[in-house]
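Since the structure comes first, as structure tokens, the remarks are kept for the end.
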Amino acid sequence: MRDDRTELLEAAATVMRRAHAPYSNFPVGAALRGADGAIHVGANVENASYSETQCAEASAIGAMVAAGETRITAVAVVAERVEHCPPCGGCRQRLAEFAGPDTPVYLGRPGAEPLRTTLGELLPLAFEPEALES
Ligand code: THU
């Protein structure tokens, strides 16, 4: 039985191969474990108008929300060209909307040793939805 980390990293690697990244040639895949246990995946989607590019994490969040899930319990991000692809600043904030600081984030590449970090390490002192309730 594969562990959570391996399953998520494999899902991210599989969806990475479907990335639409003809401009950067930097395919990225993201996989999110929802609170109900299901995995939601997404790849980066680039555009001829470069600034319209959507990151893999944003694509995965869109798929997750469309499936009716709003809590993330683990994240995996895989890129082909680097051993560990840390989520960009904007995606750290996007993830923080649905995940807490202790949420594990696995960064990996097929065949390489993955790195485990947490959302709190990637985005300390996050601006979270609760701030709007004060
Ligand atoms: N990219 C992601 O998909 N996620 C990240 O967190 C970092 C960057 C994508 C965006 C663009 O398509 C390509 O990587 C190069 O920046």
**Message:** Against the condition at pLDDT below 95, outside any strand (DSSP E or B) and surrounded by fewer than 17 Cβ atoms within 10 Å (Cβ to Cβ), how does Gly120 come out, does it pass?
**Reply:** no
**Asked** How do the pairs read when you match residues in the stretch 49-68 that are more than 11 Å from the ligand (Cβ to nearest atom) with residues anywhere that are modelled with pLDDT of 95 or more and open to solvent by 60 Å² or more (accessible area, probe 1.4 Å), using Cβ under 8 Å and keeping only pairs 6 or more apart or on different chains?
**Response** Ile61/Arg94; Ile61/Glu97; Met64/Thr70
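The values are calculated or read from the model by the stated rules, or taken from the named source; none is laboratory data. On a predicted model such as this, the values are computed, not experimentally measured, just so you know. Because the Cβ atoms are built from the backbone with ideal geometry, glycine has one as well, and the counts that use them run over all protein chains shown. Quick note on the areas: whole protein, heavy atoms, side chains included, nothing else; ligands and nucleic acids left out. Shrake-Rupley method; radii C 1.70, N 1.55, O 1.52, S 1.80 Å.
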